[in-house]
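Written out below as structure tokens is the structure these notes cover.
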Amino acid sequence: MQVDLSKITKQGRAMFLAYDQGMEHGPEKDFDDENVDPQKILEIAEEGQFTGVIFQKGIAEKYYDPKINKVPLIVKLNGKTGLRADLDEPYSPPLCSVEEAIGLGASAVGYTIYVGSQFEGKMMQEFSVIEQEAEERNLPVVAWMYPRGQAVAGKENSREILAHAARLGLELGADMVKIPYNGSKKDFEWVVKAAGKTKVVMSGGPKTETREEFLKIVKDVLSVGAVGVAVGRNIWQDGEPLEISRKLAKIVFL
Amino acid sequence: MQVDLSKITKQGRAMFLAYDQGMEHGPEKDFDDENVDPQKILEIAEEGQFTGVIFQKGIAEKYYDPKINKVPLIVKLNGKTGLRADLDEPYSPPLCSVEEAIGLGASAVGYTIYVGSQFEGKMMQEFSVIEQEAEERNLPVVAWMYPRGQAVAGKENSREILAHAARLGLELGADMVKIPYNGSKKDFEWVVKAAGKTKVVMSGGPKTETREEFLKIVKDVLSVGAVGVAVGRNIWQDGEPLEISRKLAKIVFL
Amino acid sequence: MQVDLSKITKQGRAMFLAYDQGMEHGPEKDFDDENVDPQKILEIAEEGQFTGVIFQKGIAEKYYDPKINKVPLIVKLNGKTGLRADLDEPYSPPLCSVEEAIGLGASAVGYTIYVGSQFEGKMMQEFSVIEQEAEERNLPVVAWMYPRGQAVAGKENSREILAHAARLGLELGADMVKIPYNGSKKDFEWVVKAAGKTKVVMSGGPKTETREEFLKIVKDVLSVGAVGVAVGRNIWQDGEPLEISRKLAKIVFL
Amino acid sequence: MQVDLSKITKQGRAMFLAYDQGMEHGPEKDFDDENVDPQKILEIAEEGQFTGVIFQKGIAEKYYDPKINKVPLIVKLNGKTGLRADLDEPYSPPLCSVEEAIGLGASAVGYTIYVGSQFEGKMMQEFSVIEQEAEERNLPVVAWMYPRGQAVAGKENSREILAHAARLGLELGADMVKIPYNGSKKDFEWVVKAAGKTKVVMSGGPKTETREEFLKIVKDVLSVGAVGVAVGRNIWQDGEPLEISRKLAKIVFL
Amino acid sequence: MQVDLSKITKQGRAMFLAYDQGMEHGPEKDFDDENVDPQKILEIAEEGQFTGVIFQKGIAEKYYDPKINKVPLIVKLNGKTGLRADLDEPYSPPLCSVEEAIGLGASAVGYTIYVGSQFEGKMMQEFSVIEQEAEERNLPVVAWMYPRGQAVAGKENSREILAHAARLGLELGADMVKIPYNGSKKDFEWVVKAAGKTKVVMSGGPKTETREEFLKIVKDVLSVGAVGVAVGRNIWQDGEPLEISRKLAKIVFL
């Protein structure tokens, strides 16, 4: 009944390199002359023991070759820019079909739902169609469950809302949910419980001040049941991305 | 001409265990460490003589196995979170197709229509397509007919609006309607009459203060023509869910 | 070129029993313990010489059996509740397909267009698709042409607007239009002329104070070219529905 | 590459009898006891040497017989009523498919785009689909290009806006555009130039005070490159429609 | 994995003649008696060594003959008029399908996305479908990435927003992006980097005061990695379009 997650996990653990920030934030905010180049990211993903690299379809098309690349590809199926963040409740339209993702060599697909947004229902509905299509092809679905919008303003990091987001992922049929961590192990334990048989990975978030801080957080969430982490900026904004990848891998894998 | 309801009834009576609250309310409000786990609910449904267990598709996919589980599955085809309850008139988008529900082993499907909402027409239209698809496959359709929104504010529990909701279910082709009880047997008798050949089950609602109170209500609605009850919190929030299930079954079945 | 109307007429005249009020008004307003039951209505239609009975699909599914019932069935393909009448311009979404109606044994289909409403264009467009599908199957289409909304407020019963509504029915391809009567034979004569080869039946409207009043109106509209009447409340709210039906038939048929 | 216009032209010239006013204006404004009858219009079109008669699909279905009628049929594929003219920016929804028009015996199809309206883009998009379907069947497409709405208020008859409207017709793939005349030959010459290989016919507009006025206008637009005229009220509101038709034909044809 | 661009480039360089201004601006603003004629533009494109000419489908249908014309055709698949520029955030609806463009002889297709507009997401979604269809047929997709709307007002020409626009093109799967130049070589170098393997052509923009100014700009953008230019008004508004084309070609090609 359950989709096979072995292609995007190792020892049941997930370590994903996220690189879908270019569409959302633009290059100015997150990238430098090095990490603006998807080829560099792909190399980090390959050499850094990641169990998946996350691209929008355009980057996958032009950079990822399933015959050459060994790191599993996770195609993000929806997305938006953050340009109107101050004007609209967030909505992320579908930009790639399951069929297309499979053609690009995807081992899984990703989808964002902004929990609490005015367009939450629309995203839930569009996700449900994607989920069905992926299910039929035995392709795992990872749901980015992010609390956003006026209805949850100020409560985005509360135990209540994070657990609701995780549970929503389970109820909608996600195989994995990517959830922000609010810093409380006890809360995250409840989040993991709420997700039931849907696996939980922590969303890496913005770069922490120190590596130690980041690695500590990863340890914490793993200790209360998360199966891994989807991380971007804490890797490729690091001066030595392979070194921090190695340190991360030591924590994630046994 | 009429769909066969025998798979989700016993002696013409229905006793459904509802467990779609996680999506709507989130785990914080309704769940504890025990009942947050769908497996526990499934066990109650199996052992408690229920004639149906109600899940969203995600839970059905990961927990319900038609080869093993004996309690009939009712897949809820639409849903929403309650996060924007203070901001929007309620709308519940379709999240699962009839085809998908059948693939999950469903013996019936459920659908919510918020009667009186600004989006009432949209839900009626989407329901009508679902209804046709289910009809063609001889799959019973249970309609959650809930008065909501500014147009019926303060009248949600009136005889007039409840009867209108029940009648709307009949006119739209529902095989069964799930309707809240306003405490008046006389009113509910009229509700049942308005529904005609469409069967009526009482919506269990929030947990009552005492078991007796709940069981008394069930007796009352059965005495005026309802064929049963769809109950969640009054069962799985009870300290001894199997015991209350047994007591309920004694009332529902002859 | 023209659809055959003989299945829903006798001597070129139409006498339809309308029973789609339950969805719009709810049982409270229009029904009593007797006429809340569709079976009773069907009996009146059968015995009262009606050339058609008008049901929403849900009622047709559960009560009308084409193998047993002799009165022709007219399935109303769209509908709404009136709960938000004070809040929205009226819109009636499609709730049943032509295919479905044929499966239920329909001899014709009905469709409401609220002429003047903000959603007039949407209803015209949806109607045009229905009309094409029905045309291809030689199924007559009866259009409820009702002036409504801010744009025609206070003019709903004017010769100008009623004739526009009737003409719109012709231009859209309706085989018959159901139009309210404003009490002026001269105006209705113009309405009938505006409809051209599209036949006109009078909408029965709310119950008149006396039977004589109602029968007089029917005579009047027939005398200026209407082919009949679609009547509900003036029949089934009458103390002796079969008697008033007989009186009506004497006027409608020659 | 270009669609064959010979079915709706004579000597390269077009003289169309427009009769789609009943839907837009209603019978009250434009019609009398005679011209309210589509049969009368069809007779004028047949006997008056018109190279096309313009009907909405409903009128075509009930009055036009391709086996009997010789005047080519142009089916108007979209339309609206003018009832909400004071309330909404104009939008004209599609009401008939290309397939349906062909089934009715159409030699061409017509489509209105309200240039400058809030819904301009929607109409352009819907037109583009129609245009493709007609193109594939070698059916000419005549576009009613009418400046309307707040954005062009007061400039509807300017050289700038009329030329933009004509050009838009060319860019969208119309084979012919129907454009209002602002009284300046020099401006209309530019309009014709802007339309390039897309032919231009003048929109007849409301009835002029005298026949001479109307005929003078026709001469003027032909002299600067228009290929003809689509005229309604100046013909069928004339006391002797066949006489004015003959006079018109003398000017249009060589 | 990457679409072959050789049909619309020479020596890896692109020199496109843009002529989709008639729909957006109307003839009044941009055209004179000469350049209003698409035939003239086609001749300039043929003789001026352009590697592509950009038309809306209507112009392509009536003027471009793939059997005769040698300059590659780029069909612009969406478009709008600028009439409501002061009233709405910009949105450009799809007006031509990939299938249709191929039928017209297209060697590539073009699509506008107004980055920052309220309708950005809708355009991204519609583009993504087009992109998939074109990809499957190995047809290159050129994306016009134009910052517009309240969210980016005053920042349309900033390095940050232009680089975001270019990057969005890459993430969405465009093979080429057409981007305005803000006058800073350093900024454009970053823009080109942000676009990665997606090629960048400069948008020609409004006519510069002198030819030298225009040619200097072209040199500058090529020197920092752009592969060419899509230019309209600086060519066909020039008194001697073939001469300026020759001068441009000398810079673009090696």
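The values are calculated or read from the model by the stated rules, or taken from the named source; none is laboratory data. Keep in mind that this is a model prediction, so the values were computed, not measured. Note that each Cβ is placed from the backbone with ideal geometry, even for glycine, and that neighbours are counted across all protein chains shown. Surface accessibility is based on the protein's heavy atoms, side chains included, excluding ligands, DNA and RNA. Shrake-Rupley method; radii C 1.70, N 1.55, O 1.52, S 1.80 Å.
Key figures
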item: Area buried, chain E against chain A - accessible surface, total, 1.4 angstrom probe, square angstrom; result: 3000
item: Label point distance in nm, A:Gln11-C:Ser6, each placed 7 Å from Cα along Cα→Cβ; result: 8.4
item: Chain D, closest residue to the rotation axis toward C, by beta-carbon, whole angstrom; result: D:Lys122, 10
item: CD proxy at 222 nm, helix term only [per DSSP H run n ≥ 4: -39500 (n - 2.57); per residue of chain C; nearest 500]; result: -11500 deg cm²/dmol
item: Average beta-carbon neighbours from other chains, 10 Å sphere, peptide A:126-134; result: 4
item: Under 9 Å, Cβ to Cβ, from D:Gly26 - net charge with Lys/Arg +1 and Asp/Glu -1; result: -2
item: Per-residue mean of C-beta atoms belonging to partner chains within 10 Å, peptide A:63-72; result: 1
item: Per principal axis, descending, Cα span of region C:110-179 in whole Å; result: 39, 21, 16
item: Antiparallel DSSP beta bridges within region E:1-140, as percent of all bridges there, nearest 5; result: 15
item: B:Gln150/A:Lys197 FRET efficiency (R0 35 Å; Cβ-Cβ; nearest 0.05); result: 0.35
item: Taking only Cα atoms of chain C, radius of gyration then Dmax in Å; result: 16.6, 46
item: Radius ratio Rg over Rh of region E:211-250, counting only Cα atoms, Kirkwood formula for Rh; result: 0.96
item: Cβ-Cβ FRET estimate between C:Glu213 and B:Asp220, R0 fixed at 30 Å, reported to 0.05; result: 0.10
item: Å² of accessible area per residue within the protein assembly as shown, as computed with a 1.4 Å probe and no ligands counted; result: 35
item: Residue list for region D:156-174, given a label point 7 angstrom along the Cα-to-Cβ vector of E:Lys122 and an amide N cut-off under 20 Å; result: D:172
item: Amide H contacts of E:Val115 (H built 1.01 Å from N, under 5 Å, at least 5 apart or other chain); result: E:Tyr146, E:Arg148
item: Nearest-first distances (nm) between copies at A:Glu209, label 7 Å from Cα via Cβ; result: 5.3, 5.3, 8.6, 8.6
item: Average beta carbon contacts from partner chains per residue of B:209-216, 10 Å cutoff; result: 0
item: Segment A:Ile102-A:Ala85, extension gain: residue separation times 0.36 nm, minus the distance between their alpha carbons; result: 3.0 nm
item: Beta bridges by DSSP in the protein assembly as shown, antiparallel share as percent, to the nearest 5; result: 5
item: Within chain A, percent of DSSP bridges classed antiparallel, to nearest 5; result: 5
item: Nearest-10 value in Å² for the accessible area of D:Glu189, using the 1.4 Å probe; result: 100
item: Whether region D:1-118 is rounded, prolate or oblate, judged on the alpha carbon gyration tensor where a/c under 1.5 counts as rounded; result: oblate
item: Diffusion coefficient, µm² s⁻¹, Stokes-Einstein with Kirkwood Rh over alpha-carbon pairs of the protein assembly as shown at 37 °C and 0.692 mPa s; result: 97
item: Sulfur and carbon atoms: percent of accessible area, the protein assembly as shown [1.4 Å]; result: 47
item: Copies compared at B:Gln150 - label distances in nm, ascending, label defined 7 Å from Cα in the Cβ direction; result: 1.3, 1.3, 2.1, 2.1
item: Size of charge dipole - region D:144-206 - debye, nearest 20, with Cβ of Lys, Arg +1 and Asp, Glu -1, no other charges; result: 100
item: Label distances, nm, A:Lys67 versus same residue in remaining copies, Cβ-directed 7 Å point; result: 3.9, 3.9, 6.3, 6.3
item: Listed residues D:Arg233, D:Arg211, D:Arg159, most fluctuating in chain D (Gaussian network, C-alpha, under 10 Å); result: D:Arg211
